[in-house]
Amino acid sequence: MNHMSTEKITFLLNWHATPYHAPIYLAQSKGFFQQEGIKVALLEPNDPSDVTEIIGSGKVDMGTKAMIHTIAGNARGFPIQSIGTLLDEPFTGVVYLEGSGITPDFHSLKGKRIGYVGEFGKIQIDELTAHFGMTPSDYTAVRVGMNVSDAIKRGDIDAGIGLENVQMVELEEWCKSQGRPSSDVKMLRIDELAELGCCCFCSILYIANENFLSSHPEKARSFMQAIKKATDYVQREPVKAWNEYKVFKKSMNTPENEKIFERSYVYLSKDCANVPRDWNKVTNYCKRLGVVKPDFQQNMTNKFLSWQLDPEDPNPSAKQVAIAKHQKEVADQGGVLSSHVQPALVA
(Lines give C-alpha, C1' and ligand atoms only; values in the text may rest on other atoms or scores of the structure.)
Protein backbone atom coordinates (compact mmCIF):
# COMPACT_ATOMS: atom_id res chain seq x y z
CA MET A 1 0.00 0.00 0.00
CA ASN A 2 1.39 3.40 -0.99
CA HIS A 3 1.23 6.08 1.67
CA MET A 4 0.50 9.56 0.39
CA SER A 5 3.20 12.09 1.20
CA THR A 6 3.72 15.76 0.52
CA GLU A 7 6.68 17.93 -0.34
CA LYS A 8 5.07 20.78 1.57
CA ILE A 9 6.49 21.77 4.93
CA THR A 10 3.69 21.46 7.49
CA PHE A 11 3.82 24.21 10.11
CA LEU A 12 1.66 24.32 13.25
CA LEU A 13 1.20 27.57 15.16
CA ASN A 14 1.35 27.71 18.96
CA TRP A 15 -2.05 29.46 19.09
CA HIS A 16 -4.80 30.45 16.70
CA ALA A 17 -3.56 33.07 14.22
CA THR A 18 -2.56 36.13 16.22
CA PRO A 19 -1.12 39.53 15.20
CA TYR A 20 2.41 38.54 16.29
CA HIS A 21 2.34 35.71 13.70
CA ALA A 22 2.57 38.41 10.99
CA PRO A 23 6.06 37.39 9.71
CA ILE A 24 4.88 33.80 9.15
CA TYR A 25 1.76 34.71 7.18
CA LEU A 26 3.54 37.47 5.26
CA ALA A 27 6.30 35.05 4.23
CA GLN A 28 3.43 33.12 2.61
CA SER A 29 1.41 36.01 1.17
CA LYS A 30 4.41 37.92 -0.24
CA GLY A 31 5.84 34.82 -1.90
CA PHE A 32 9.00 34.64 0.21
CA PHE A 33 8.57 30.88 0.77
CA GLN A 34 8.11 30.46 -2.97
CA GLN A 35 11.22 32.53 -3.69
CA GLU A 36 13.15 30.12 -1.46
CA GLY A 37 11.80 27.15 -3.40
CA ILE A 38 9.55 25.75 -0.67
CA LYS A 39 5.83 25.27 -0.11
CA VAL A 40 4.43 25.65 3.39
CA ALA A 41 1.05 24.61 4.81
CA LEU A 42 0.20 26.80 7.81
CA LEU A 43 -1.96 25.09 10.45
CA GLU A 44 -3.67 26.30 13.63
CA PRO A 45 -4.27 24.19 16.77
CA ASN A 46 -7.50 23.64 18.67
CA ASP A 47 -5.51 22.98 21.84
CA PRO A 48 -2.09 24.66 22.18
CA SER A 49 -0.98 21.92 24.57
CA ASP A 50 -0.92 19.48 21.62
CA VAL A 51 1.70 21.35 19.59
CA THR A 52 4.99 19.93 20.94
CA GLU A 53 3.57 16.39 20.87
CA ILE A 54 2.31 16.69 17.29
CA ILE A 55 5.62 18.11 16.04
CA GLY A 56 7.64 15.75 18.21
CA SER A 57 5.78 12.73 16.83
CA GLY A 58 6.60 13.81 13.27
CA LYS A 59 2.97 14.31 12.24
CA VAL A 60 3.90 17.94 11.52
CA ASP A 61 7.36 19.18 10.51
CA MET A 62 7.66 22.58 12.18
CA GLY A 63 5.82 25.13 14.29
CA THR A 64 6.01 27.77 16.98
CA LYS A 65 6.05 27.22 20.74
CA ALA A 66 7.13 28.99 23.92
CA MET A 67 10.65 28.25 25.14
CA ILE A 68 9.55 26.60 28.39
CA HIS A 69 7.34 24.15 26.47
CA THR A 70 10.04 23.50 23.88
CA ILE A 71 12.50 22.55 26.63
CA ALA A 72 9.96 20.51 28.60
CA GLY A 73 8.78 18.68 25.47
CA ASN A 74 12.31 17.65 24.60
CA ALA A 75 12.94 16.54 28.19
CA ARG A 76 9.92 14.27 27.85
CA GLY A 77 11.48 12.57 24.85
CA PHE A 78 9.90 14.46 21.97
CA PRO A 79 12.64 15.09 19.37
CA ILE A 80 12.08 18.82 18.86
CA GLN A 81 14.62 21.58 18.41
CA SER A 82 14.38 25.37 18.32
CA ILE A 83 15.91 26.89 15.19
CA GLY A 84 14.97 30.52 15.78
CA THR A 85 12.89 33.10 17.68
CA LEU A 86 9.67 34.82 16.65
CA LEU A 87 8.72 36.76 19.80
CA ASP A 88 11.42 37.80 22.24
CA GLU A 89 10.62 37.95 25.97
CA PRO A 90 6.97 39.10 25.97
CA PHE A 91 5.90 40.13 29.48
CA THR A 92 3.96 37.20 30.93
CA GLY A 93 2.16 36.85 34.22
CA VAL A 94 -1.02 36.52 36.23
CA VAL A 95 -3.54 38.89 34.64
CA TYR A 96 -6.40 40.19 36.80
CA LEU A 97 -8.90 43.03 37.09
CA GLU A 98 -9.04 45.78 39.66
CA GLY A 99 -11.71 44.88 42.22
CA SER A 100 -11.05 41.13 42.02
CA GLY A 101 -9.46 41.16 45.46
CA ILE A 102 -6.06 40.53 43.92
CA THR A 103 -3.27 43.04 44.54
CA PRO A 104 0.44 43.28 43.63
CA ASP A 105 1.06 41.06 46.69
CA PHE A 106 1.25 37.42 45.52
CA HIS A 107 -0.37 36.29 48.78
CA SER A 108 -3.61 37.91 47.58
CA LEU A 109 -4.03 34.92 45.23
CA LYS A 110 -4.95 32.82 48.28
CA GLY A 111 -8.45 31.41 47.82
CA LYS A 112 -8.67 32.65 44.23
CA ARG A 113 -9.40 30.75 40.99
CA ILE A 114 -6.42 31.04 38.65
CA GLY A 115 -6.76 30.07 34.99
CA TYR A 116 -3.92 28.49 33.08
CA VAL A 117 -3.43 27.37 29.47
CA GLY A 118 -1.59 24.05 29.89
CA GLU A 119 0.09 22.10 32.64
CA PHE A 120 3.29 24.19 32.80
CA GLY A 121 1.31 27.27 33.77
CA LYS A 122 0.11 25.35 36.82
CA ILE A 123 3.64 24.10 37.55
CA GLN A 124 4.90 27.70 37.48
CA ILE A 125 2.18 28.96 39.85
CA ASP A 126 2.66 25.97 42.17
CA GLU A 127 6.38 26.71 42.36
CA LEU A 128 5.66 30.36 43.14
CA THR A 129 3.33 29.40 45.99
CA ALA A 130 6.24 27.57 47.63
CA HIS A 131 8.47 30.61 46.97
CA PHE A 132 5.96 32.78 48.88
CA GLY A 133 5.34 30.35 51.75
CA MET A 134 2.04 29.05 50.40
CA THR A 135 0.94 25.69 48.98
CA PRO A 136 -0.85 24.73 45.74
CA SER A 137 -3.98 24.02 47.80
CA ASP A 138 -4.12 27.72 48.70
CA TYR A 139 -5.59 28.52 45.27
CA THR A 140 -7.86 26.77 42.76
CA ALA A 141 -6.26 25.99 39.40
CA VAL A 142 -8.63 26.06 36.41
CA ARG A 143 -7.47 24.87 32.99
CA VAL A 144 -8.98 27.25 30.42
CA GLY A 145 -6.84 26.62 27.32
CA MET A 146 -6.94 29.53 24.87
CA ASN A 147 -9.87 31.18 26.70
CA VAL A 148 -8.14 33.03 29.54
CA SER A 149 -9.60 36.45 28.72
CA ASP A 150 -13.13 35.13 28.15
CA ALA A 151 -13.02 33.18 31.42
CA ILE A 152 -12.05 36.37 33.31
CA LYS A 153 -14.81 38.35 31.56
CA ARG A 154 -17.39 35.69 32.48
CA GLY A 155 -16.20 35.57 36.07
CA ASP A 156 -15.27 31.87 35.79
CA ILE A 157 -11.81 32.70 37.14
CA ASP A 158 -10.40 35.57 39.19
CA ALA A 159 -7.16 35.77 37.22
CA GLY A 160 -5.26 33.88 34.56
CA ILE A 161 -1.83 33.49 33.03
CA GLY A 162 -1.48 35.65 29.92
CA LEU A 163 0.71 37.92 27.83
CA GLU A 164 0.94 41.69 28.16
CA ASN A 165 0.59 42.04 24.38
CA VAL A 166 -2.42 39.72 23.97
CA GLN A 167 -4.66 38.88 26.94
CA MET A 168 -4.10 42.25 28.65
CA VAL A 169 -5.12 44.02 25.43
CA GLU A 170 -8.23 41.84 25.08
CA LEU A 171 -9.27 42.69 28.63
CA GLU A 172 -8.43 46.39 28.26
CA GLU A 173 -10.71 46.60 25.21
CA TRP A 174 -13.45 44.75 27.09
CA CYS A 175 -13.12 47.15 30.04
CA LYS A 176 -13.56 50.10 27.68
CA SER A 177 -16.74 48.51 26.29
CA GLN A 178 -18.02 48.14 29.87
CA GLY A 179 -17.34 51.78 30.72
CA ARG A 180 -14.37 50.82 32.88
CA PRO A 181 -10.88 52.32 32.58
CA SER A 182 -8.39 50.12 30.72
CA SER A 183 -6.05 50.66 33.68
CA ASP A 184 -8.27 48.21 35.61
CA VAL A 185 -6.30 45.42 33.89
CA LYS A 186 -3.25 44.45 35.96
CA MET A 187 -0.49 41.87 35.82
CA LEU A 188 1.72 40.12 38.35
CA ARG A 189 4.74 39.41 36.16
CA ILE A 190 6.06 35.89 36.64
CA ASP A 191 9.65 36.90 35.88
CA GLU A 192 9.58 39.45 38.72
CA LEU A 193 7.82 37.12 41.17
CA ALA A 194 10.22 34.26 40.41
CA GLU A 195 13.25 36.62 40.29
CA LEU A 196 14.22 35.32 36.83
CA GLY A 197 15.56 38.55 35.38
CA CYS A 198 13.72 38.01 32.08
CA CYS A 199 10.44 36.85 30.54
CA CYS A 200 12.38 34.62 28.17
CA PHE A 201 10.59 31.46 29.33
CA CYS A 202 7.66 32.66 27.19
CA SER A 203 9.70 33.70 24.13
CA ILE A 204 7.94 32.15 21.13
CA LEU A 205 10.33 30.00 19.10
CA TYR A 206 10.44 28.44 15.65
CA ILE A 207 10.72 24.72 16.37
CA ALA A 208 11.09 21.63 14.21
CA ASN A 209 11.08 17.86 14.43
CA GLU A 210 14.71 16.68 14.64
CA ASN A 211 14.19 13.95 12.02
CA PHE A 212 12.84 16.59 9.63
CA LEU A 213 15.89 18.77 10.31
CA SER A 214 18.37 15.96 9.68
CA SER A 215 16.54 14.80 6.53
CA HIS A 216 15.79 18.26 5.09
CA PRO A 217 18.28 20.81 6.45
CA GLU A 218 18.03 22.85 3.25
CA LYS A 219 14.25 23.22 3.74
CA ALA A 220 14.73 24.46 7.29
CA ARG A 221 17.35 26.94 6.09
CA SER A 222 15.07 28.14 3.28
CA PHE A 223 12.16 28.46 5.69
CA MET A 224 14.13 30.67 8.06
CA GLN A 225 15.50 32.74 5.14
CA ALA A 226 11.91 33.50 4.06
CA ILE A 227 10.94 34.29 7.66
CA LYS A 228 13.86 36.72 7.96
CA LYS A 229 12.73 38.53 4.78
CA ALA A 230 9.22 38.84 6.20
CA THR A 231 10.52 39.95 9.60
CA ASP A 232 12.67 42.64 7.96
CA TYR A 233 9.60 43.81 6.04
CA VAL A 234 7.49 44.07 9.23
CA GLN A 235 10.30 46.01 10.94
CA ARG A 236 10.80 48.31 7.96
CA GLU A 237 7.16 48.88 6.94
CA PRO A 238 4.90 48.03 9.90
CA VAL A 239 1.83 49.86 8.56
CA LYS A 240 2.02 48.26 5.10
CA ALA A 241 2.80 44.88 6.64
CA TRP A 242 -0.20 45.05 8.98
CA ASN A 243 -2.54 46.11 6.16
CA GLU A 244 -1.34 43.22 4.00
CA TYR A 245 -1.67 40.76 6.87
CA LYS A 246 -5.29 41.88 7.44
CA VAL A 247 -6.13 41.26 3.79
CA PHE A 248 -4.47 37.83 3.73
CA LYS A 249 -5.85 36.72 7.11
CA LYS A 250 -9.32 38.23 7.46
CA SER A 251 -9.63 37.44 11.18
CA MET A 252 -6.92 40.04 11.88
CA ASN A 253 -9.13 42.89 10.72
CA THR A 254 -10.42 44.13 14.09
CA PRO A 255 -9.53 47.18 16.24
CA GLU A 256 -8.52 44.81 19.05
CA ASN A 257 -6.06 42.93 16.83
CA GLU A 258 -4.62 46.23 15.64
CA LYS A 259 -3.79 47.07 19.25
CA ILE A 260 -2.35 43.58 19.82
CA PHE A 261 -0.10 44.09 16.78
CA GLU A 262 1.10 47.44 18.16
CA ARG A 263 1.82 45.91 21.57
CA SER A 264 3.56 42.89 20.01
CA TYR A 265 5.80 44.91 17.71
CA VAL A 266 8.55 45.63 20.23
CA TYR A 267 8.86 41.93 21.10
CA LEU A 268 9.37 40.71 17.51
CA SER A 269 12.88 39.29 17.25
CA LYS A 270 14.84 41.28 14.67
CA ASP A 271 17.45 38.63 13.86
CA CYS A 272 15.14 35.64 14.57
CA ALA A 273 17.94 33.97 16.55
CA ASN A 274 17.95 31.84 19.67
CA VAL A 275 19.56 33.83 22.50
CA PRO A 276 22.06 31.64 24.43
CA ARG A 277 21.84 33.71 27.63
CA ASP A 278 18.04 33.36 27.66
CA TRP A 279 18.31 29.65 27.02
CA ASN A 280 20.67 29.30 29.99
CA LYS A 281 18.23 31.19 32.25
CA VAL A 282 15.21 29.17 31.17
CA THR A 283 17.06 25.85 31.34
CA ASN A 284 17.99 26.66 34.95
CA TYR A 285 14.40 27.75 35.65
CA CYS A 286 13.11 24.44 34.22
CA LYS A 287 15.53 22.58 36.52
CA ARG A 288 14.13 24.58 39.43
CA LEU A 289 10.59 23.63 38.33
CA GLY A 290 11.65 20.00 38.17
CA VAL A 291 10.68 19.54 34.51
CA VAL A 292 14.21 18.71 33.24
CA LYS A 293 17.09 16.68 34.64
CA PRO A 294 20.33 18.35 35.83
CA ASP A 295 22.25 17.09 32.77
CA PHE A 296 19.72 18.42 30.22
CA GLN A 297 21.30 19.34 26.87
CA GLN A 298 19.74 22.44 25.33
CA ASN A 299 17.67 21.67 22.23
CA MET A 300 18.40 24.77 20.19
CA THR A 301 20.63 25.84 17.33
CA ASN A 302 21.23 28.89 15.13
CA LYS A 303 22.91 26.88 12.37
CA PHE A 304 19.95 27.31 10.02
CA LEU A 305 20.32 31.12 10.11
CA SER A 306 22.55 32.34 7.30
CA TRP A 307 22.89 36.02 8.28
CA GLN A 308 24.85 38.06 10.79
CA LEU A 309 23.24 37.75 14.22
CA ASP A 310 22.78 40.72 16.55
CA PRO A 311 25.06 40.89 19.61
CA GLU A 312 23.44 40.04 22.93
CA ASP A 313 22.18 43.08 24.81
CA PRO A 314 24.83 44.08 27.39
CA ASN A 315 22.18 45.19 29.90
CA PRO A 316 19.02 43.07 29.62
CA SER A 317 17.57 44.41 32.87
CA ALA A 318 17.71 48.01 31.61
CA LYS A 319 16.14 46.86 28.35
CA GLN A 320 13.21 45.29 30.26
CA VAL A 321 12.64 48.57 32.12
CA ALA A 322 12.74 50.54 28.85
CA ILE A 323 10.29 48.15 27.18
CA ALA A 324 7.87 48.35 30.13
CA LYS A 325 7.90 52.17 29.86
CA HIS A 326 7.51 51.97 26.08
CA GLN A 327 4.58 49.54 26.31
CA LYS A 328 2.78 51.85 28.74
CA GLU A 329 3.14 54.67 26.19
CA VAL A 330 1.85 52.42 23.39
CA ALA A 331 -1.16 51.46 25.54
CA ASP A 332 -1.93 55.11 26.31
CA GLN A 333 -1.07 56.80 23.00
CA GLY A 334 -0.91 54.15 20.28
CA GLY A 335 2.07 52.47 18.64
CA VAL A 336 3.60 51.87 15.20
CA LEU A 337 0.25 52.04 13.39
CA SER A 338 -0.36 55.54 14.71
CA SER A 339 0.83 58.34 12.44
CA HIS A 340 2.78 60.12 15.18
CA VAL A 341 4.83 57.08 16.21
CA GLN A 342 8.01 55.96 14.47
CA PRO A 343 9.09 52.28 14.43
CA ALA A 344 11.90 50.92 16.58
CA LEU A 345 11.52 53.25 19.56
CA VAL A 346 13.14 50.55 21.65
CA ALA A 347 16.30 49.00 20.26
Legend entry - the stretch 236-326, relative contact order [Cα under 8 Å, separation at least 6], %: 22
Legend entry - Equivalent-ellipsoid semi-axes of the chain, from the Cα gyration tensor, Å, largest first: 31, 25, 19
Legend entry - Helix-only mean residue ellipticity at 222 nm for the chain, each DSSP H run of n ≥ 4 adding -39500 (n - 2.57), per residue, nearest 500: -12000 deg cm²/dmol
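Going down the table (176/229; 122/153; 65/229; 59/325; 293/328), which pairs top 32 Å between alpha carbons?
176/229; 59/325; 293/328
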Legend entry - Carbon/sulfur fraction of accessible area - the chain, other protein chains in place, 1.4 Å, %: 49
Legend entry - ³J(HN,Hα) computed for each position of the stretch 36-47 - Karplus, 6.51 cos²θ - 1.76 cosθ + 1.60, integer Hz, glycine/proline x: 8, x, 10, 10, 10, 9, 8, 10, 10, x, 8, 10
Inset, instruction - Find how many whole Å separate the alpha carbon centroid of the stretch 121-189 from the alpha carbon centroid of the stretch 236-286. - result: 21
Inset, instruction - May I ask you to order 149-156, 48-55 by the average number of other C-beta atoms within 10 Å around their residues, highest value first? - result: 48-55, 149-156
Inset, instruction - For the chain, calculate the relative contact order in percent as a whole number, restricting contacts to Cα pairs under 8 Å that are 6 or more residues apart. - result: 26
Legend entry - Heavy-atom accessible area per residue - the stretch 238-310, 1.4 Å, Å²: 49
Inset, instruction - Taking the dipole about the Cα centre of the chain, with the C-beta of Lys and Arg at +1 and of Asp and Glu at -1, give me whichever of 318, 194, 74 is farthest to the positive side. - result: 74
Legend entry - Accessible surface, the stretch 17-145, averaged per residue in Å² (probe 1.4 Å): 36
Legend entry - Cα-based reach from residue 110 at 13 Å (exclusive), listing aspartates and glutamates while leaving out same-chain residues under 8 positions away: 126, 138, 158
Inset, instruction - Specify the longest stretch of the chain that does not include any exposed loop site, a site being one of the chymotrypsin sites (Phe, Trp or Tyr not before Pro) with a non-H, G, I, E, B DSSP assignment and at most 16 other Cβ atoms within 10 Å. - result: 133-295
Legend entry - Gyration tensor (alpha-carbon) shape descriptor, the stretch 1-141, a/c threshold 1.5: prolate
Inset, instruction - Consider just the alpha-carbon atoms of the stretch 108-170 and return their Rg together with their Dmax, both in angstrom. - result: 11.3, 32
Inset, instruction - Could you tell me which of rounded, prolate or oblate describes the stretch 175-327, using a ≥ b ≥ c as the square roots of the eigenvalues of the alpha-carbon gyration tensor, with rounded for a/c under 1.5 and, failing that, prolate when a/b is larger than b/c and oblate otherwise? - result: oblate
Inset, instruction - Calculate the translational D of the stretch 276-340 in whole µm² s⁻¹ from Stokes-Einstein, where the hydrodynamic radius comes from the Kirkwood formula applied to all Cα pairs, the temperature is 25 °C and the viscosity 0.890 mPa s. - result: 160
Inset, instruction - Tell me the trypsin sites (Lys or Arg not before Pro) within the stretch 44-104 that lie in a loop according to DSSP and have at most 13 other beta-carbon atoms within 10 Å. - result: 59, 76
Inset, instruction - With both partners inside the chain, how many of the DSSP beta bridges are antiparallel, as a percent to the nearest 5? - result: 65
Inset, instruction - Over the stretch 112-168, calculate the relative contact order: mean separation of alpha carbon pairs under 8 Å at least 6 apart, over the residue count, as a percent. - result: 48
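The values are calculated or read from the model by the stated rules, or taken from the named source; none is laboratory data. Quick caveat, the model's predicted, so the values are computed rather than measured. Quick reminder, even Gly has a Cβ in these numbers, built from the backbone with ideal geometry, and neighbours come from all protein chains shown. Accessible surface areas use protein heavy atoms only, side chains included; no ligands, DNA or RNA. Shrake-Rupley method; radii C 1.70, N 1.55, O 1.52, S 1.80 Å.
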